[in-house]
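Asks: Provided herewith is a single structure, encoded as structure tokens, for subsequent inquiry.
The values are calculated or read from the model by the stated rules, or taken from the named source; none is laboratory data. All values reported here derive from a predicted model rather than from experimental measurement. Here the Cβ is made from the backbone with ideal geometry for all residues, glycine too, and neighbour counts use every protein chain on show. SASA here: full protein model, heavy atoms, side chains in, ligands and nucleic acids out. Shrake-Rupley method; radii C 1.70, N 1.55, O 1.52, S 1.80 Å.
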Amino acid sequence: FRGRLMFPIVNVDGKVIGFGGRVIDSEGEPKYINSPESEVYHKRSSFYGFDNMREYIRRARRAIIVEGYMDFLSVYSSGIRNVVATLGTALTRDHVGVLKRYTDRYVVVFDGDESGIKAAVRSLDVFLEEGLLPNVVILPEGTDPDSFISSKGKDELLSLIENAPGLLDFYIDNTVREYRSGNLTLKRSVKEIADVLAKVNDPIAKNGYAKKAAEKLGVRENEVLALMRFGKGQAAKPGEGAASSTQVNHEKTLLAALLKFPELSETISEKDIVGDIINPDVKAVLEEMLSSGVHDASALLQIFQDSPAQTLITETLFSSPGISDRDTAGRMIETCIK
């Protein structure tokens with residue numbers, strides 16, 4: 001700790017359990033050094049500033065969580081008291097477990113850069129596992145709490161905190177941005193969002209977020225709900241199994257159109273073409289739709305649970321984004337039949 005600015009880490013009982021040291025010489029490495037884990041110091045459940053701020057958190061009924069000592073001091077010095085900082089580690093379930101004794105409302109504040117966005121996304125699972133839906137502030141690009149307060153002031157930061165979107169909203173919007181920029185396929189985007197929504201305990205919130213995600217991605221709500229209920233872990237990974245969206249054969253295109261617009265199944269019944277289907281999984285699903293009258297994607301996923309046909313259904317639902325309306329689907333079905 002020589003040549004470092006020292007930060008005593010204090011537990012909820014007011015006792016020093018460890019130290020953090022920030023280098024004073026800008027050329028020193030590493031920038032921060034923490035006390036090692038010990039019988040009394042556990043970085044995964046310890047905060048900086050929590051001993052003095054816990055009563056403010058209780059009174060405000062909300063905790064503002066920042067990423068380090070200096071961020072904490074910047075926010076505290078501006079006059080905001082219901083704030084704590086993690087200690088050079090990502091937020092963990094142990095951290096949230098400590099805070100839950102004082103509040104169930106949280107706002108996490110991250111720097112406005114790529115690492116800040118990634119940290120926000122990573123923290124979502126931690127909160128969902130505890131049954132919580134926090135809010136998030138992503139500061140403008142290139143800023144941290146200290147520089148933001150210095151340039152904009154305390155009131156501007158408080159405004160961002162008061163109007164902070166839900167972290168789950170942010171995650172959905174960020175995933176949609178990744179899809180629109182070409183970094184994620186449609187199938188992968190829906191799959192990832194569905195996997196996260198499956199962890200949401202509140203059924204009303206879960207369905208609301210599913211609807212929002214479906215609208216933003218241009219798919220049907222029941223397709224997201226179907227994956228949430230039955231598709232977790234079943235969809236093939238990119239590059240595995242079935243062909244990509246540019247190589248979808250006529251049989252899968254036919255199935256995709258019918259899954260999205262099941263009312264068009266009469267066309268298939270009239271043509272009596274199921275016997276000509278080569279792919280056994282496509283044939284099995286079509287027979288279930290036509291013979292048994294099961295058209296809902298959720299019900300079909302349940303019927304074919306843990307089988308290759310289930311994977312086929314999830315893939316097919318999202319491999320043909322061009323099927324956007326009933327007329328288009330009808331024309332595609334006629335083309336496939338021919």
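Asks: Suppose we filter Asn183, Asn201 for residues that are within 16 Å of Phe127 (Cα to Cα) and at pLDDT below 90; which single one remains?
Replies: Asn201
Asks: Is it the case that Ser78 is among the polar types (S, T, N, Q) and under 24 Å from Ser123 (Cβ atoms)?
Replies: yes
Asks: In the range 194-206, what residues are touching a helix residue (DSSP H, G or I) at 6+ places or on another chain (Cβ under 7 Å) and assigned to a helix (DSSP H, G or I)?
Replies: Ala194, Val196, Leu197, Lys206
Asks: Then there's this: Could you list, in sequence order, all residues of the range 194-213 that are touching a Lys or Arg at 6+ places or on another chain (Cβ under 7 Å), among the aliphatic types (A, V, I, L, M) and surrounded by fewer than 19 Cβ atoms within 10 Å (Cβ to Cβ)?
Replies: Matches in the range 194-213: Ala198 only.
Asks: Right, another one. Quick one: which strands (runs of 3 or more DSSP E) lie wholly within the range 64-183 and hold at least 2 residues that are without any contact (Cβ under 8 Å) to a residue 40 or more places away in the chain and surrounded by 14 or more Cβ atoms within 10 Å (Cβ to Cβ)?
Replies: Qualifying strands (runs of 3 or more DSSP E): 83-85, 135-141.
Asks: Shifting gears a bit: Looking at Ile323, Ile278, Ile333, which is the one that is surrounded by 14 or more Cβ atoms within 10 Å (Cβ to Cβ) and outside any helix (DSSP H, G or I)?
Replies: Ile323
Asks: Do we find that Phe47 is touching a Gly at 6+ places or on another chain (Cβ under 9 Å) and closer than 24 Å to Gly166 by Cα in this structure?
Replies: So Phe47 does not fit the description; no.
Asks: Further question on the same structure: Where residues in the range 1-15 are touching a residue at least 40 places away in the same chain (Cβ under 8 Å) and not in a strand (DSSP E or B), which of them is surrounded by the most Cβ atoms within 10 Å (Cβ to Cβ)?
Replies: Going through the qualifying residues, I end up with Asn11.
Asks: Quick check: anything in the range 295-311 farther than 28 Å from Ala194 by Cα, touching a residue at least 24 places away in the same chain (Cβ under 8 Å) and open to solvent by less than 60 Å² (accessible area, probe 1.4 Å)?
Replies: The answer is no; no qualifying residue exists.
Asks: Which one of the conditions (1) in a loop (DSSP other than H, G, I, E, B); (2) modelled with pLDDT under 90; (3) surrounded by 15 or more Cβ atoms within 10 Å (Cβ to Cβ) does Lys191 fail to meet, given that it meets all the rest?
Replies: Failed condition: (1).
Asks: Here's a follow-up. Being in a loop (DSSP other than H, G, I, E, B), touching a residue at least 24 places away in the same chain (Cβ under 8 Å) and open to solvent by 60 Å² or more (accessible area, probe 1.4 Å) is the filter here; which residues of the range 16-59 pass it?
Replies: Val40, His42
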